[in-house]
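One structure is given here, and the rest of the page talks about it.
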Amino acid sequence: MAGLLTAAVGVAGTLGSAWLTQNRGDALRREEWERQDRARRAESEAQRADTGRAALRKSYTELNAAARHYLTTLSDHYYALRAVGAGVSQESVTAHESLAAVEAARVEYRRLYAEAQMIVPDAVLVEVRLASHRLGTVYGALVRLTRGTAREGDDLTAVRDAVKETWDVLARMRAAMRRDLGTTGPSPR
């Protein structure tokens, strides 16, 4: 009986050892697979974040450039109207050509503004909306002056002041964008 018991313990030990070895191997392979899966997910998430950041930077850059160009064309149109009013230009052809340039800049700006509305964070969007409103206000006054449908308060002096104020609004918008991108502050050394 002692021999039989010894043999049973030996067989159980041999089988138990194989079972424990197999379980431990399975657990190690599972842990390695989970570690690799976590690393793949983290890498994928980091890549998505980088792609999103690049898209945001591109949107900010294009919107800033379009807003500045739009305001520059508005300012140019102001000077064209002023020249017509001062009798420097005999015809308003220059003013109409200038208005065509404003319209082209406005279309491009509005396209980029619509795109930015979908990806810009709320804190920056506040400044973007303000800039858009100011640009629209200047545009409206200039168009009414060009077409001879000016409202009370629409005059070249008011437009000149509005253009100057709008440059400041664009500077605040750009600063908000730079803060969001983390590009403000001193350069690293």
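The values are calculated or read from the model by the stated rules, or taken from the named source; none is laboratory data. Owing to the predicted nature of the structure, the values given are computational and were not obtained by experimental measurement. Glycine gets a Cβ as well: all are built from the backbone with ideal geometry, and neighbour counts include every protein chain shown. These accessible areas exclude ligands, DNA and RNA; they are computed on the full protein's heavy atoms, side chains included. Shrake-Rupley method; radii C 1.70, N 1.55, O 1.52, S 1.80 Å.
Residues are listed down the side, and each one gets a yes or a no for (1) hydroxyl-bearing (Ser, Thr, Tyr); (2) touching a residue at least 60 places away in the same chain (Cβ under 8 Å):
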position	(1), (2)
70	yes, yes
73	yes, no
96	no, no
134	no, no
139	yes, yes
142	no, yes
160	no, yes
166	yes, yes
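Could you pull out the residue among 137, 146, 166, 183 that is open to solvent by 50 Å² or more (accessible area, probe 1.4 Å) and not in a loop (DSSP other than H, G, I, E, B)?
137
At pLDDT below 85, under 30 Å from residue 178 (Cα atoms), out of contact with any Cys (no Cβ under 7 Å at 6 or more places or on another chain) and of a type in the set (Val, Ile, Thr): does that describe residue 61?
no
Only one of these is open to solvent by 60 Å² or more (accessible area, probe 1.4 Å), within 9 Å of the chain's Cα centre (by Cα), closer than 28 Å to residue 114 by Cβ and not polar (S, T, N, Q): 57, 48. Name it.
Only one candidate passes the filter, namely 57.
Evaluate region 31-39: report whether one residue or more is under 20 Å from the mean Cα position of the chain (by Cα), surrounded by 10 or more Cβ atoms within 10 Å (Cβ to Cβ) and more than 19 Å from residue 124 (Cα to Cα).
No, the conditions are met nowhere in region 31-39.
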